[in-house]
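Working notes, structure below.
The values are calculated or read from the model by the stated rules, or taken from the named source; none is laboratory data. Just so we're clear, the structure is a prediction, and the values are computed from it rather than from any experiment. Methodologically, a virtual Cβ is constructed for each residue, glycine included, from the backbone with ideal geometry; neighbour enumeration extends over all protein chains shown. Just the protein is used for accessible areas: all its heavy atoms, side chains included, with ligands, DNA and RNA removed. Shrake-Rupley method; radii C 1.70, N 1.55, O 1.52, S 1.80 Å.
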Amino acid sequence: MEALFAQVDYWHWWILGVLLVVLEVFAPGTFFLWLAIAAGINGVVLWLFPAFGWEYQILLFSLLSVGSILGWRAYAARHPRPSPQPALNRRGQQYLGRTFTLDGPIVNGYGKLRVDDTLWRISGEDCPAGSRITVTAVDGTVLKVEQMRDNG
């Protein structure tokens, strides 16, 4: 085993780092990226200190890998990136502020509204069919609406 690792040079670590980056391209998830960075740093350390034993190389790679992954996760938790589409996969949120015309009445506080290809349950004050309503909130799968008032 010693003879196998005795031939490990700094450029071996750099090649491993490049292979891990290529693997990251094909399996995205920013996991292999941190292992690649650890391999690259390990290569730099071995380049600066050529007598660095293989046992310490493996130990350093392990510590750098775990440290970089945990460090990134802690950083990402403290600095979340805002989504460019915050309502994505939350269809009800996409209708907030939109105005629709009722096909059927709202009776006893509840009714139905067809939006695009979906029939939504709505809640609000009673109003007849043909009324103009605005979506003001979403409660689970129920759109909360208000009747638009004429200003004249």
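Could you figure out which of (1) on the phi > 0 side of the Ramachandran plot; (2) of a type in the set (S, T, N, Q); (3) in contact with a Leu (Cβ under 6 Å, 6 or more places away or on another chain) isn't true of S131? Failed condition: (1).
Quick grid of which residues meet (1) open to solvent by less than 40 Å² (accessible area, probe 1.4 Å); (2) hydroxyl-bearing (S, T, Y); (3) part of a loop (DSSP other than H, G, I, E, B):
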{"position": "R114", "(1), (2), (3)": "no, no, no"}
{"position": "L119", "(1), (2), (3)": "no, no, no"}
{"position": "I122", "(1), (2), (3)": "yes, no, no"}
{"position": "E125", "(1), (2), (3)": "no, no, yes"}
{"position": "A129", "(1), (2), (3)": "no, no, yes"}
{"position": "T134", "(1), (2), (3)": "yes, yes, no"}
{"position": "A137", "(1), (2), (3)": "yes, no, no"}
{"position": "K144", "(1), (2), (3)": "no, no, no"}
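Within the range 79-98, identify whether any single residue is modelled with pLDDT of 85 or more, in contact with a strand residue (DSSP E or B) (Cβ under 8 Å, 6 or more places away or on another chain) and charged (D, E, K, R), and answer yes or no. Scanning the range 79-98 turns up at least one residue that is modelled with pLDDT of 85 or more, in contact with a strand residue (DSSP E or B) (Cβ under 8 Å, 6 or more places away or on another chain) and charged (D, E, K, R). Only residues that are under 15 Å from H12 (Cβ atoms) and of a type in the set (A, V, I, L, M): list them for the range 28-47, please. L35, A36, A38, A39, I41, V44, V45, L46, listed by residue number. Where residues in the range 131-146 are free of Cβ contacts under 8 Å to residues at least 40 places away in the same chain and polar (S, T, N, Q), which of them is nearest to R90 (Cα to Cα)? Per the stated criteria, the residue is T134.
Kindly list, by first and then second residue, each pair from a residue in the range 51-75 that is under 12 Å from I37 (Cα atoms) and at pLDDT below 90 to a residue that is exposed (fewer than 13 other Cβ atoms within 10 Å of the Cβ) and among the small types (G, A, S), limited to pairs with Cβ atoms under 6 Å and residues at least 6 apart or on different chains. Close Cβ pairs satisfying both conditions: none exist. Of all residues in the range 82-107, those satisfying the criterion of being open to solvent by less than 50 Å² (accessible area, probe 1.4 Å), closer than 14 Å to A129 by Cα and in a loop (DSSP other than H, G, I, E, B) are L102, G104. Residues of the range 108-118 include at least one that is within 30 Å of V135 (Cβ to Cβ), hydrophobic (A, V, I, L, M, F, W, C), modelled with pLDDT of 90 or more and more than 28 Å from the chain's Cα centre (by Cα).
Among the residues of the range 89-130, those that are under 14 Å from L143 (Cα atoms), aliphatic (A, V, I, L, M) and touching a residue at least 12 places away in the same chain (Cβ under 8 Å) comprise L96, L102, I106, L113, V115, I122.
If you check I69, I58 for being touching a helix residue (DSSP H, G or I) at 6+ places or on another chain (Cβ under 9 Å) and open to solvent by less than 50 Å² (accessible area, probe 1.4 Å), only one passes: I69.
Across the range 39-81, the number of residues qualifying as under 24 Å from the mean Cα position of the chain (by Cα) and part of a helix (DSSP H, G or I) comes to 14.
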